[in-house]
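A.B. asks: What follows is a structure written as structure tokens; I'll ask about it next.
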Amino acid sequence: MLTRKQLDLLRFIQSRMQECGVPPSFDEMKDALDLKSKSGIHRLITALEERGFLRRLPNRARAIEVIRIPESLSQPAQPAPPPAEPRRFTPSVVEGGKSKLPPAQPATTRMIDDGGRAISIPVMGRIAAGTPVSAIQNQSHAITMSPDFLAGGEHYALEVRGDSMVDAGILDGDLVVIRKQDTANTGDIIVALIDDEEATLKRLRRRGSSIALEAANPAYETRVLGPDRVQIQGRLVSLVRRY
């Protein structure tokens, strides 16, 4: 499943190849998606390639091959809806917008053992504790946890990639357990969706009307963003580390 930006880019590439027989340039893709730089296009193409929708052919300029398309692209594209309530997290992907994807399944599948204790938490992919990336994917597997380590509500888990939260005790390779919610208090460690396409794990700070995403590693700068650029996808409630 894809974010809105990934779906929009795949739709644009597919349409241009049907019209002209060649994929669009990075500048054309940047303009079509109204992005400020081509680095965002690089990230989107890499994410689509990792998910098996695109393939880049080596040693050839503008050599992008569409391998497959989601079912939603087989239908005529509809005009984008007007702005409504803030978009919320759907359980099997970071949902950056109102795409034509099928309804997602519940975020937490509860599996209780004979003692009535164990709960199965879906692992939804990877999250960046470093430079933000398009991170959250479909459910890959599940972990079983005691409810003593969970808050009320629905939960999902993510594998941490990067070292920006090491001073908070979160290391590369850890699994973080996230309570699904779209609000948080300053000081909470959250999953933040930036500009509908990048997900990162950072500590939330509020600076007036702006939102600061603070690393727990002095090697990383705090990012200060407008509230319209950040969506809270959940709050850290527990951590799993394998030795």
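The values are calculated or read from the model by the stated rules, or taken from the named source; none is laboratory data. Because the structure is a prediction, the values reported are computed rather than measured. Here the Cβ positions follow ideal geometry from the backbone for every residue, glycine too, while neighbour counts run over all protein chains shown. Side chains are part of the model used for accessible areas, which takes the heavy atoms of the whole protein and leaves out ligands, DNA and RNA. Shrake-Rupley method; radii C 1.70, N 1.55, O 1.52, S 1.80 Å.
A.B. asks: Please specify each residue of region 189-216 satisfying the condition of being outside any strand (DSSP E or B) and closer than 25 Å to THR3 by Cα.
C.D. replies: Matches in region 189-216: ASP195, ASP196, GLU197, ALA215.
A.B. asks: Moving on to the next point. Taking the residues in region 130-155 that are among the aliphatic types (A, V, I, L, M) and closer than 22 Å to THR3 by Cβ as candidates, determine which candidate is modelled with the highest pLDDT.
C.D. replies: ILE136
A.B. asks: Are there any pairs with C-beta distances below 6 angstrom linking a residue in region 146-171 that is in a strand (DSSP E or B) to a residue that is among the polar types (S, T, N, Q) and open to solvent by less than 50 Å² (accessible area, probe 1.4 Å), with the two at least 6 apart or on different chains, and if so which?
C.D. replies: Partner pairs satisfying both residue conditions: HIS155/THR108.
A.B. asks: Okay, moving on. So which pairs qualify, if the first residue must be in region 213-225 and at negative phi, the second must be open to solvent by less than 30 Å² (accessible area, probe 1.4 Å) and part of a loop (DSSP other than H, G, I, E, B), the Cβ gap must be under 7 Å, and the two must be at least 6 apart or on different chains?
C.D. replies: ALA215/SER164; ALA215/MET165; ALA216/SER164; ALA216/MET165; ASN217/SER164; ASN217/MET165; TYR220/SER164; THR222/ALA215
A.B. asks: Is it the case that some residue within region 21-34 is closer than 24 Å to ALA128 by Cβ, exposed (fewer than 10 other Cβ atoms within 10 Å of the Cβ) and modelled with pLDDT of 80 or more?
C.D. replies: Within region 21-34, one or more residues are closer than 24 Å to ALA128 by Cβ, exposed (fewer than 10 other Cβ atoms within 10 Å of the Cβ) and modelled with pLDDT of 80 or more.
A.B. asks: Looking at (1) touching a helix residue (DSSP H, G or I) at 6+ places or on another chain (Cβ under 9 Å); (2) among the hydroxyl-bearing types (Ser, Thr, Tyr); (3) surrounded by 14 or more Cβ atoms within 10 Å (Cβ to Cβ), find the lone condition where TYR156 falls short.
C.D. replies: Result: TYR156 passes all but (1).
A.B. asks: Check off (1) open to solvent by less than 10 Å² (accessible area, probe 1.4 Å); (2) at pLDDT below 90; (3) under 28 Å from SER120 (Cα atoms) for ILE194 and give me the number that stays unchecked.
C.D. replies: Tallying (1) open to solvent by less than 10 Å² (accessible area, probe 1.4 Å); (2) at pLDDT below 90; (3) under 28 Å from SER120 (Cα atoms), ILE194 fails exactly one: (3).
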